[in-house]
1. Picking from B:Val123, A:Met83, A:Cys129, whose Cα lies most toward the positive end of the charge dipole for the protein assembly as shown (charges on Cβ: Lys, Arg +1; Asp, Glu -1)?
2. Let's see if you can work this out: charge +1 on each Lys and Arg Cβ, -1 on each Asp and Glu Cβ, no other charges. What is the dipole magnitude of the range A:134-214 about its Cα centre, in debye to the nearest 20?
3. Can you grab the distance from the C-alpha centre of the range A:224-253 to the C-alpha centre of the range A:112-181, Å, no decimals?
4. Taking a label point 7 Å from Cα toward Cβ, how far is A:Phe274 from its twins in the other copies, in nm, shortest first?
5. Where nothing but the Cβ of Lys and Arg (+1) and of Asp and Glu (-1) is charged, how large is the charge dipole of the range B:153-274 around its Cα centre, in debye to the nearest 20?
6. When only alpha-carbon atoms count, how far does the protein assembly as shown stretch along each of its three principal axes, as whole angstroms with the largest first?
7. Among B:162-170, A:183-191, how do they line up from the highest to the lowest mean number of other beta-carbon atoms within 10 Å?
8. Taking a ≥ b ≥ c as the square roots of the Cα gyration tensor eigenvalues, with a/c under 1.5 meaning rounded and otherwise prolate when a/b beats b/c, else oblate, which class fits chain A?
2 protein chains.
Amino acid sequence: MNAQVQTTEANGRPSRDLPPEALRMLIRSGRYQGATSGLAPGFVQGNLVILPKGLASDFLAFAHQNPRPCPVIGLSEPGSPRMPDLGTSIDLRTDLPRYRVWKNGELVSEVPDIHDDWRDDLVSFVIGCSFSFEEALLEDGIPLRHVASGANVAMYRTNIACTPAGPFAGPMVVSMRPLKAADAIRAIQITSRFPAVHGAPVHLGDPALIGIENLAKPDYGDAVEVKDDEIPVFWACGVTPQAVIAAAKPAFAITHAPGSMLITDKRNSRMSAF
Amino acid sequence: MNAQVQTTEANGRPSRDLPPEALRMLIRSGRYQGATSGLAPGFVQGNLVILPKGLASDFLAFAHQNPRPCPVIGLSEPGSPRMPDLGTSIDLRTDLPRYRVWKNGELVSEVPDIHDDWRDDLVSFVIGCSFSFEEALLEDGIPLRHVASGANVAMYRTNIACTPAGPFAGPMVVSMRPLKAADAIRAIQITSRFPAVHGAPVHLGDPALIGIENLAKPDYGDAVEVKDDEIPVFWACGVTPQAVIAAAKPAFAITHAPGSMLITDKRNSRMSAF
């Protein structure tokens with residue numbers, strides 16, 4: 001047994017043994033700018049949205065009205081890059097591998113550090129992510145095809161309208177996982193315990209009933225096979241707030257880059273309501 | 001306001017206001033021999049199975065191995081017609097409207113009182129019933145078509161084998177309720193809280209996957225329409241133990257007559273695990 005924890009694997013990925021804070025320090029140093037999926041197993045990862053204070057209250061109202069696609073698990077003080085509820089050492093300006101900076105709805109840069117873009121009026125939102133409930137499903141023995149094949153989950157725009165707030169409005173985006181019926185029932189039980197990370201599915205079965213024309217053509221992520229003995233099960237997705245922000249074209253916004261999440265000190269099990 | 005509770009309605013049915021014990025006394029007197037559905041709302045009703053002691057341990061093992069179709073909520077001492085856990089005043093020989101007496105798997109009589117058939121070696125089982133979870137679904141605003149139309153729930157033999165015990169073996173029987181997807185998801189959440197009355201569904205979607213060829217032709221109960229925007233949802237059913245007992249052809253058995261259940265003093269909410 002080696003008492004010392006290896007920082008990186010042979011493939012350049014951080015070691016899965018690294019605890020959240022050590023991972024964030026590695027990322028803060030600029031030595032890792034890749035995807036975070038599979039890192040710090042057992043700990044919550046979150047989507048990041050940063051908006052000027054003038055828009056933050058409308059966005060918070062939007063999240064409040066649409067808790068399934070937009071569960072806020074962390075909210076900063078205006079101007080503060082700290083998020084103590086999710087980790088005392090977190091610095092939101094440096095601790096994600098990559099960020100996207102947006103102006104008037106246009107992507108203007110993708111950077112590993114947002115010190116240069118930081119402003120005193122910025123409010124940060126961390127939004128729960130399906131990684132947390134997927135871990136609970138996998139630990140229960142429920143197979144997830146996109147995870148097994150190393151693909152991104154399939155996501156679709158629906159005809160389910162979010163409740164609008166200020167400039168924020170648009171359709172709910174859902175992620176889809178094909179499951180056998182017994183696994184679908186069990187997955188509903190498990191994810192119902194996790195309202196802070198999208199909770200129970202919003203739909204299952206016929207995709208047309210929520211406005212999805214072709215399962216083989218997701219709007220985001222990768223298509224996944226649905227076998228004859230499986231049912232497509234649809235969860236509200238954290239891409240919804242991103243799509244809504246892109247559509248609202250705020251003068252200024254920062255988000256995480258896809259797959260490059262905030263790794264927190266909070267355990268996934270603590271996302272369980274009971 | 002009339003301080004006195006009416007015993008019967010104009011239609012001859014007992015008043016819905018009658019509490020469980022008063023209802024049992026009315027039934028014990030022989031003045032009501034009809035169906036119990038809708039009576040004593042809020043209180044548990046149970047299926048009754050009475051077997052000679054020599055078969056009771058195998059039947060209990062069967063129930064233990066198959067808790068979804070066969071949830072035992074009451075078990076008597078051998079020879080005792082009492083079931084104090086479900087109601088201190090219960091006398092199982094008189095308190096159900098009608099009983100069926102079976103010999104070697106053949107129905108030999110249907111009677112309102114089993115004093116004449118009682119034996120000192122009989123063990124009684126009360127088995128949870130879907131009335132309890134249907135009440136929870138209806139109270140949550142989930143429509144149940146068979147209830148709305150006053151029909152019996154549709155039930156089907158499946159290709160899901162029960163785990164055998166002694167002479168007791170056979171396929172699981174399920175009940176089916178057509179639900180819209182969002183209601184199906186909610187129904188899974190609600191019934192998961194009620195493991196003692198069949199719990200979560202065992203299947204949803206394609207009936208062929210559990211060996212049901214034609215939903216329009218139930219093996220028991222009444223057919224019910226499944227609309228285009230609905231999913232058939234299948235729960236393990238208390239008819240399973242009855243079917244299994246009929247197949248095992250015990251020398252002697254007594255059961256409730258269909259729809260003529262034991263009304264208990266236990267509240268449905270106490271069937272909830274959490």
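1. With unit charges placed on the Cβ atoms, the residue in question is A:Met83.
2. Working: 6 positive and 7 negative charges, 15 e Å.
The dipole of the range A:134-214 has a size of about 80 debye.
3. 6 Å
4. Label-point distances to the other copies, shortest first: 0.6 nm.
5. Details: 11 positive and 10 negative charges, 109 e Å.
That gives the range B:153-274 a dipole magnitude of about 520 debye.
6. 91, 65, 42
7. Details: B:162-170: 17.3, A:183-191: 22.1.
The densest-packed peptide leads the list: A:183-191, B:162-170.
8. Working: a/c = 1.73, a/b = 1.13, b/c = 1.52.
Since a/c reaches 1.5 but b/c is at least a/b, the shape of chain A is classed as oblate.
Bear in mind that the values in this text are calculations on the coordinates, not laboratory data. Given the structure is predicted, the values throughout are model-derived calculations rather than measurements. A quick note on method: Cβ atoms are made from the backbone with ideal geometry, for glycine too, and the neighbour counts reach across all protein chains shown.
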